[in-house]
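Chemist: Here it is: the structure, laid out below.
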Amino acid sequence: MRSDHTALLLSTRFFSPGLFSATFSSPRLAGEIAPGQFVMLDLPGRIRPYLRRAYSVADADPGRGEVEFLVKTIGAGTAALESLRAGQDARLLGPLGNSFSLTGLPAGSRVAVVAGGIGAAPFPLLWRALRAGGWTGDFFFGGRTASDLALSKRFAGVVAGDTYLATNDGSAGEAGFVTDLFARHAASGGYARVFACGPMPMFAALARVVERLQLSAEFSTEAEMGCGFGVCLGCVIPGRHTPYLVSCQEGPILPPERIDWSQVTGGSQVTGDR
Amino acid sequence: MTPAESRYPLRVRVGPLELANPILTASGTFGYGLEFADFVDLGRLGGICTKGLSLQPHAGNAPPRICETPAGMLNAIGLQNIGVQAFLEEKLPRLRSLGVTVIANVWGDLEEDYVAVVRALENAEGLAAVELNISCPNVEKGGMLFGNSPTATGSLVERVRAATRRPLLVKLSPNAPDLVESARAARDGGADALSLVNTFVGMAIDPETARPRLSFGTGGLSGPAIRPLAVRMVYQVARALPGMPLVGIGGISELSDVLEFLAAGATAVQVGTANFRDPGVSGRLVAELEAYCSGKGISARELVGRAHGQEPLRLDAGAEG
């Protein structure tokens, strides 16, 4: 059940400046969270930011009662989380939203996971679930420069298959867009499903690829959220069959064919953590 | 305390509307109530104000719709709602079964639209009152246009008054040129109580792109940032219209905020934006007010208007420093 959990910060681990993992003790949440779900995180006693921030749960260990988040510091909310010290409390409202769907995925089939930058955040837990179900696949991870891919260290031993890297400037992996890298492999990859998370321009490009190749896909969308549980109606995304999809309630995991990409303006729906 | 007050120390009357306690939740920040059932015992609240209901379902504005600001936020949701029929069929029966005191917030483009929604609600079971939203800054028509003119306010309230026997609250705009005149017009039109205040029109601009952060351009400012402004407005209207029941709204998130609005002259309050960051806040405020009143041996009713009569105060002070 959704609840507002008090959670103790156990440790943080930095992959590069402003790119880190935060692990909290939160036994109930650790036992309830499904891949792709998120929490609204609050740091009590602070004035700024005023609203909570949404974080996908990166990994959960029910045995140890721990949940982990992968975070890139981009504004007031993430900066406040970066400054939290081990032994201090946060509040985690969750589990919120729907989850990546593994039902109907044929036994032993292969999947593709496509991440752009900090969009890699929800995928350790998804890979854990895929491994547990005996599925394998490939991980496509892109960023602007090599420093965006520092998180690839977190995926060592996590991916049940091969990892392919791309950067816009060619400073790590292949030069170019991760969506183009994925498209080349997808044509012959035999992927039964594509799971993706990243900025809206990446999603828009990927939506064209999966439509052309007729691949089943699930995107972890993230519009700026005020509440995270379907009340403020701030996080809407233009829909193809209804005017708007409420990202926190109908998603955050949405199939690309439900989104009206012609109405998604470049980057404006990407989370602003100011 | 009267004997009745000592038995039910939190009970208040907002005109003809009897409330178990003065803690309500504000329209637009509490969905249709049911979204909060995991976090709040809804039946223990004084009541809830629904998302603004229109005759037809309404899609709202294009994103981006919200933007955080210092100690608050701007929103331009644009009154997205499921429409009055869906509310009556899908939401109200479940609220009724939970014992929730429901205040239906209503809006429209034209006077006729408001009247039609109020008529649709008139015979519904389990509705305690109607609140007219004449103060939404985020729609092209209706909304704040009614609230900004005392004449339009008076005319609309009169027509709605004629269409309903239910307790009628009117939610006023802090953006009105003369709030006291608008309040007077709503009272004279037949309002039983006034909800003060809706959001303040504001704007945020992205310094890099120089474009407004909200697709609507402007938005309504809410949260703790507006509380002193709202307290002043409640105080001012309480003084200008003695005896008129007022419901205070604006940045309430702690017990001391509730006490402040009651002291200013509000008989009840609505918790708004705080519901977003802490979905359990309204229930906690009921418990805290209960503990406060029993600790002091005082009723909620006795907390109302205590700031009045402690002055002289100059309400126009501040403008000239």
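Chemist: Residue by residue through the range A:1-51, note down the ones that are surrounded by fewer than 20 Cβ atoms within 10 Å (Cβ to Cβ) and of a type in the set (Phe, Trp, Tyr).
Modeler: Once the filter is applied, which keeps residues that are surrounded by fewer than 20 Cβ atoms within 10 Å (Cβ to Cβ) and of a type in the set (Phe, Trp, Tyr), the range A:1-51 yields A:14, A:15.
Chemist: Output the number of residues of the range B:33-52 satisfying the condition of being over 14 Å from the mean Cα position of the chain (by Cα) and either of a type in the set (Phe, Trp, Tyr) or under 20 Å from residue B:73 (Cα atoms) (or both).
Modeler: The initial filter retains those residues of the range B:33-52 that are over 14 Å from the mean Cα position of the chain (by Cα), namely B:33-45.
Keeping just the survivors that are either of a type in the set (Phe, Trp, Tyr) or under 20 Å from residue B:73 (Cα atoms) (or both) gives B:36, B:39.
Of the residues in the range B:33-52, 2 are over 14 Å from the mean Cα position of the chain (by Cα) and either of a type in the set (Phe, Trp, Tyr) or under 20 Å from residue B:73 (Cα atoms) (or both).
Chemist: Determine the pairs where a residue that is within 13 Å of residue A:40 (Cα to Cα) and more than 7 Å from chain B (Cβ to nearest Cβ), located within the range A:222-245, has a partner that is surrounded by fewer than 23 Cβ atoms within 10 Å (Cβ to Cβ) and among the hydroxyl-bearing types (Ser, Thr, Tyr) with Cβ atoms under 9 Å apart, the partner being 6 or more residues away or on another chain.
Modeler: Partner pairs satisfying both residue conditions: A:222/A:271; A:225/A:271.
Chemist: Right, residue A:192: buried (at least 18 other Cβ atoms within 10 Å of the Cβ) and either more than 22 Å from residue B:219 (Cα to Cα) or over 16 Å from the mean Cα position of the chain (by Cα) (or both) or not? Step through it out loud before you land on a result.
Modeler: Working: buried (at least 18 other Cβ atoms within 10 Å of the Cβ): no; either more than 22 Å from residue B:219 (Cα to Cα) or over 16 Å from the mean Cα position of the chain (by Cα) (or both): yes.
For residue A:192, the condition - buried (at least 18 other Cβ atoms within 10 Å of the Cβ) and either more than 22 Å from residue B:219 (Cα to Cα) or over 16 Å from the mean Cα position of the chain (by Cα) (or both) - is not met.
Chemist: Further question on the same structure: Restricting to the range B:255-289, count the residues that are within 11 Å of another protein chain (Cβ to nearest Cβ), touching a residue at least 40 places away in the same chain (Cβ under 8 Å) and over 16 Å from the mean Cα position of the chain (by Cα).
Modeler: Looking only at that region, the number is 2.
Chemist: Can you work out which of the residues in the range A:73-82 that are in a helix (DSSP H, G or I) and within 14 Å of another protein chain (Cβ to nearest Cβ) is surrounded by the fewest Cβ atoms within 10 Å (Cβ to Cβ)? Please lay out each step first, then the result.
Modeler: Step one: of the range A:73-82, the residues in a helix (DSSP H, G or I) are A:76-82.
Checking the rest, the ones that are also within 14 Å of another protein chain (Cβ to nearest Cβ) come to A:76-80.
Values: A:76: 18, A:77: 27, A:78: 21, A:79: 15, A:80: 19.
Top of the filtered list is A:79.
Chemist: Yes or no: the range B:14-25 includes at least one residue that is within 14 Å of chain A (Cβ to nearest Cβ) and not in a helix (DSSP H, G or I).
Modeler: In the first step, residues of the range B:14-25 are kept if they are within 14 Å of chain A (Cβ to nearest Cβ); the result is B:25.
Checking the rest, the ones that are also not in a helix (DSSP H, G or I) come to B:25.
Within the range B:14-25 (the criterion being within 14 Å of chain A (Cβ to nearest Cβ) and not in a helix (DSSP H, G or I)), the answer is yes, since at least one residue qualifies.
Chemist: Under 8 Å between Cβ atoms, at least 6 apart or on separate chains: pull out the pairs that start in the range A:255-274 with a residue that is over 26 Å from residue A:99 (Cβ atoms) and facing chain B (nearest Cβ under 9 Å) and end on any residue that is buried (at least 19 other Cβ atoms within 10 Å of the Cβ) and modelled with pLDDT under 50.
Modeler: From the range A:255-274, no pairs qualify.
Chemist: Applying the selection to the range A:145-191, what residues are part of a helix (DSSP H, G or I), free of Cβ contacts under 8 Å to residues at least 60 places away in the same chain and among the aliphatic types (A, V, I, L, M)?
Modeler: A:146, A:149, A:181, A:183, A:187
Chemist: Further question: Could you look through the range A:83-105, keep only residues that are at pLDDT 95 or above, part of a loop (DSSP other than H, G, I, E, B) and within 23 Å of residue A:220 (Cα to Cα), and pick out the one that is farthest from the other protein chains (Cβ to nearest Cβ)?
Modeler: A:105
Chemist: Please go through the range B:49-78 and give me each residue that is at the interface with chain A (Cβ under 9 Å from one of its Cβ atoms), part of a strand (DSSP E or B) and without any contact (Cβ under 8 Å) to a residue 60 or more places away in the chain, ordered by number.
Modeler: B:68 - this is the single residue of the range B:49-78 that is at the interface with chain A (Cβ under 9 Å from one of its Cβ atoms), part of a strand (DSSP E or B) and without any contact (Cβ under 8 Å) to a residue 60 or more places away in the chain.
Chemist: So, one more: Please pick out the residue among B:317, B:291 that is at pLDDT below 95, exposed (fewer than 15 other Cβ atoms within 10 Å of the Cβ) and either in contact with a helix residue (DSSP H, G or I) (Cβ under 8 Å, 6 or more places away or on another chain) or among the aliphatic types (A, V, I, L, M) (or both). Walk me through how you get there before you give the answer.
Modeler: Details: B:291 fails: at pLDDT below 95.
Being at pLDDT below 95, exposed (fewer than 15 other Cβ atoms within 10 Å of the Cβ) and either in contact with a helix residue (DSSP H, G or I) (Cβ under 8 Å, 6 or more places away or on another chain) or among the aliphatic types (A, V, I, L, M) (or both) holds for just one of B:317, B:291, which is B:317.
Chemist: How about the range A:251-264: which of its residues are over 20 Å from the mean Cα position of the chain (by Cα) and assigned to a loop (DSSP other than H, G, I, E, B)? First the steps, then the outcome.
Modeler: Narrowing the range A:251-264 to residues over 20 Å from the mean Cα position of the chain (by Cα): A:260, A:262-263.
Scanning the range A:251-264 gives a single hit, A:260.
Chemist: Out of the range B:93-113, which residues are more than 18 Å from residue B:44 (Cα to Cα) and out of contact with any strand residue (DSSP E or B) (no Cβ under 8 Å at 6 or more places or on another chain)?
Modeler: B:108, B:109, B:110, B:111, B:112, B:113
Chemist: Out of all the residues in the range A:239-259, which are among the small types (Gly, Ala, Ser) and crowded, with 22+ Cβ neighbours inside 10 Å? Write out each step before concluding.
Modeler: To start, the set of residues in the range A:239-259 that are among the small types (Gly, Ala, Ser) comprises A:239, A:247, A:251.
Selection gives A:247, A:251.
Chemist: Output the residues belonging to the range A:106-123 that are assigned to a loop (DSSP other than H, G, I, E, B) and either farther than 27 Å from residue A:173 by Cβ or among the aliphatic types (A, V, I, L, M) (or both). Spell out how you get there, then give the answer.
Modeler: Here is the first cut: in the range A:106-123, the ones assigned to a loop (DSSP other than H, G, I, E, B) are A:106-109, A:121-122.
Matches in the range A:106-123: A:106, A:107, A:108, A:121.
Chemist: To continue, here is another question. May I ask you to say which residue of B:269, B:258 is farther than 30 Å from residue B:62 by Cα and in contact with a Gly (Cβ under 8 Å, 6 or more places away or on another chain)? Full working, then the answer.
Modeler: Values: B:258 fails: in contact with a Gly (Cβ under 8 Å, 6 or more places away or on another chain).
None of the others qualify; the one that does is B:269.
Chemist: Looking at residue B:212 and the list (1) under 19 Å from residue B:71 (Cβ atoms); (2) within 14 Å of chain A (Cβ to nearest Cβ), which single condition is not satisfied?
Modeler: That leaves (1) as the condition not met.
Chemist: If I filter the range B:114-121 for residues that are of a type in the set (Ser, Thr, Tyr) and within 14 Å of another protein chain (Cβ to nearest Cβ), do I get at least one hit? Can you show your working first?
Modeler: Initially, the range B:114-121 is screened for residues of a type in the set (Ser, Thr, Tyr), giving B:114.
Among the residues that remain, those that are also within 14 Å of another protein chain (Cβ to nearest Cβ) are: none.
Taking every residue of the range B:114-121 in turn, none turns out to be of a type in the set (Ser, Thr, Tyr) and within 14 Å of another protein chain (Cβ to nearest Cβ).
The values are calculated or read from the model by the stated rules, or taken from the named source; none is laboratory data. Please read these numbers as outputs of a predicted model, since none were measured by experiment. Every residue, glycine among them, receives a Cβ derived from its backbone with ideal geometry; neighbour counts consider all protein chains shown.
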